[in-house]
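Visitor: A single structure is presented below for examination.
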């Protein structure tokens, strides 16, 4: 990823965090790395643990930000969540979901709740 891409990604993560916190979610972890991969944001929505993938694209060409979350990426997200939960067993056993926040150009983030069906 280019330096510009890193800046755009960080800016999108910052905007996603603000959007989620404004909706009442609380931050648990950011850029949580484990053997299974990285999770952009882990939030708490009441009693639900929310694993959030943030995607940013300059435009909708090539399908846009949401289209970049293919089946393979979804599987990696689930594996990363499983790995993170193994490292944080006190968080396991509670309701959870996988959300996506997609940013395209300068538009506000499109929040897709419960975007991935999985049991981590």
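The values are calculated or read from the model by the stated rules, or taken from the named source; none is laboratory data. Quantities reported herein were computed from a predicted structural model and do not represent experimental measurements. Using ideal geometry, Cβ is built from the backbone for each residue, glycine included, and neighbour counts are taken over all protein chains shown.
Visitor: Would you point out which residue out of 60, 55 is at pLDDT below 90 and crowded, with 18+ Cβ neighbours inside 10 Å?
Guide: On the way: 60 fails: crowded, with 18+ Cβ neighbours inside 10 Å.
Exactly one of 60, 55 is at pLDDT below 90 and crowded, with 18+ Cβ neighbours inside 10 Å, namely 55.
Visitor: Across segment 19-46, what is the total count of residues that are in contact with a strand residue (DSSP E or B) (Cβ under 9 Å, 6 or more places away or on another chain) and not in a helix (DSSP H, G or I)? Don't jump to the end; show me each part of the working.
Guide: Let us first name the residues in segment 19-46 that are in contact with a strand residue (DSSP E or B) (Cβ under 9 Å, 6 or more places away or on another chain), namely 19-21, 23-33, 38-45.
Next cut, not in a helix (DSSP H, G or I) only: 23-33, 38-45.
Adding up the residues that qualify gives 19.
Visitor: Please go through segment 19-40 and give me each residue that is more than 19 Å from residue 102 (Cβ to Cβ), modelled with pLDDT of 85 or more and touching a helix residue (DSSP H, G or I) at 6+ places or on another chain (Cβ under 7 Å), ordered by number. Spell out how you get there, then give the answer.
Guide: Taking segment 19-40 first, the residues more than 19 Å from residue 102 (Cβ to Cβ) are 24, 26-29, 32-36.
Next cut, modelled with pLDDT of 85 or more only: 24, 26-29, 32-33.
Selection gives 27, 32.
Visitor: Okay, next question. Here are 80, 16, 65, 86: which of them is at pLDDT 80 or above, assigned to a helix (DSSP H, G or I), over 15 Å from residue 114 (Cβ atoms) and more than 12 Å from the chain's Cα centre (by Cα)? Steps first, please.
Guide: Numbers: 80 fails: more than 12 Å from the chain's Cα centre (by Cα); 16 fails: more than 12 Å from the chain's Cα centre (by Cα); 65 fails: at pLDDT 80 or above.
One residue alone meets the criteria, 86.
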